[in-house]
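Here the structure comes first, spelled out in structure tokens, and everything after it is commentary.
Just so it is clear, none of the values below were taken in a lab; they were calculated from the coordinates. Source: prediction; values computed, not measured. A quick note on method: Cβ atoms are made from the backbone with ideal geometry, for glycine too, and the neighbour counts reach across all protein chains shown.
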Amino acid sequence: MSKHHDHDHHDDPSFDHGPPSEWEILSRAMQELMIAKGVITAEQIRTRMEQFEAELPYRGPRVIARAWTNPAFKQRLLENGRKACEEFGLDMEAEKLVAVENTPQVHNLIVCTLCSCYPRALLGMPPTWYKSENYRRRVVREPRAVLREFGTVIPDNVTVRVHDSNADMRYVVVPMRPAGTEGWSEEKLAEIITRDTLVGVTLPKAS
Amino acid sequence: MGGEPGGAIDTVDHGMKFWEKQANALRNTLTRRKVVRLDELRRAAEDLGEDYLKLEYFERTTHALRVVLLEHGFFTEAELAAKMAEVRKRYE
């Protein structure tokens, strides 16, 4: 009935190509055992997968767009990130959230040198490079060189501050609102607020 | 690791395979419900020592989850091996 009826499973994102690795088999076996033992349900896993794809990545831009347009909200966000997000109607999943504001004098950048702690409740899953050994090693040692690899040049007279996350404390960068966005709605602003700008490796642009 | 010298950063996000999304949801569901704690998962991953860097990210987290769930006694090695055999067979 669908004109896509002739597609085979290679187009189905619910399958990986090729035979499963032993890691996949292990992971699936553990999941099935934990469901069989009644510790978790299949529904919880499905819901969580959907949230990571469809909901969590879009929360951060909405929160920061509000901060750009509402100075009182921005103040509350900087004072207590988690509480401010709850006021926004977001379940922040019980972690401390520290919002760090970029200014003409300071540029902020976040990392987790221990593993991959990340504000998932606001941004979804971290990108591959955030979890990479090279980013975790170098960003606390030579942040300006790392930023240049992302095409971001921070002038020498601007301080670069690197924030190291952990399991109980996550960071999010509040970038500076770019010139040329005067009068924009929160929705329009949220579109130029990308994940990378909230980690601090790039800067938002008005175009 | 933090502060050590390293090579160029691959700035492309390669996304996640389906099994990685599922493994991530499993780990995340278990930590959110406080069945296991992030710190014990990280300890189990760091106990890999030299092998830590040989494994890919989700291989490492899956290994850590295995160690911690066995420690907590949610299932035995034998149960896990039997379930893995069953899953493997399903793919054949």
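Under a 5 Å amide H to amide H cut-off, with H placed in plane at 1.01 Å, what residues pair with A:Leu97 once short-range neighbours are removed? Result for A:Leu97 returns A:Gly81, A:Arg82, A:Arg170.
What distance in nm separates the two pseudo spin-label positions at A:Asn157 and A:Thr69, each 7 Å out from Cα along the beta-carbon direction? Output for this residue pair reads 3.4 nm. For B:Leu53, the shell of other residues with beta-carbons less than 12 Å away shows a net charge of -3, using +1 for Lys and Arg and -1 for Asp and Glu.
For region A:158-207 versus region A:102-122, the spacing of their alpha-carbon centroids is 10 Å. Shown here for region A:114-160: trypsin sites (Lys or Arg not before Pro) in loop regions (DSSP other than H, G, I, E, B) with at most 15 other Cβ atoms within 10 Å, namely A:Arg141. Relative to the longest principal axis of the C-alpha atoms of chain A, give the angle of the C-alpha long axis of helix A:56-69, reported between 0 and 90° and rounded to the nearest 10°. The helix A:56-69 is inclined about 20 degrees to chain A.
Hydrophobic long helices, here whole DSSP H runs in chain B with Kyte-Doolittle means of at least 0.0 and Cα atoms spread over 20 Å or more along the helix axis, are found at B:57-71.
Of the peptides B:34-42, B:60-68, the order by per-residue mean of other Cβ atoms within 10 Å, starting with the highest, comes out as B:60-68, B:34-42.
Across A:Val174, A:Val162, A:Val100, mean-square fluctuation computed from a Gaussian network of chain A (C-alpha pairs under 10 Å connected) peaks at A:Val162. Using only side-chain charges placed at the Cβ, +1 for Lys and Arg and -1 for Asp and Glu, the dipole size of the protein assembly as shown relative to its Cα centre rounds to 800 debye. For the protein assembly as shown, the Cys residues with no second cysteine's beta carbon closer than 4.7 Å are A:Cys85, A:Cys115.
Of A:Ile110, A:Ile193, the sequence from fewest to most neighbouring Cβ atoms within 10 angstrom is A:Ile193, A:Ile110. Would you please give the residues with an amide H less than 5 Å from that of A:Thr113, counting only those at least 5 places away or on a separate chain, with H modeled from the backbone geometry? Placed amide hydrogens put A:Ser165 under 5 Å from A:Thr113.
Evaluated over chain A, the count of Lys pairs having alpha-carbon atoms less than 17 Å apart is 4 (only pairs 8 or more residues apart or interchain).
Bridge orientation summary for chain A: considering DSSP beta bridges with both residues in this region, about 10 percent are antiparallel. If you take every residue apart from A:His107 with its C-beta less than 11 Å away from the C-beta of A:His107, what net charge results, scoring Lys and Arg +1 and Asp and Glu -1? The answer is +1. Mean partner shielding of peptide A:146-158, defined as the number of other chain Cβ atoms within 10 Å of each residue Cβ, is 1. Relative contact order of region A:58-199: 34 percent, from C-alpha pairs under 8 Å at least 6 residues apart in sequence. For the protein assembly as shown, how big is Rg over Rh, using alpha carbon atoms and the Kirkwood form of Rh? Reported Rg/Rh (Cα atoms, Kirkwood Rh): 0.99. Taking each residue of A:42-52 in turn, how many C-beta atoms of other protein chains fall within 10 Å of its C-beta, and what is the average? Neighbouring Cβ atoms belonging to other protein chains average 4 per residue here. Among residues other than B:Tyr91 with Cβ under 10 Å from its Cβ, the summed charge is +2 (Lys and Arg +1, Asp and Glu -1).
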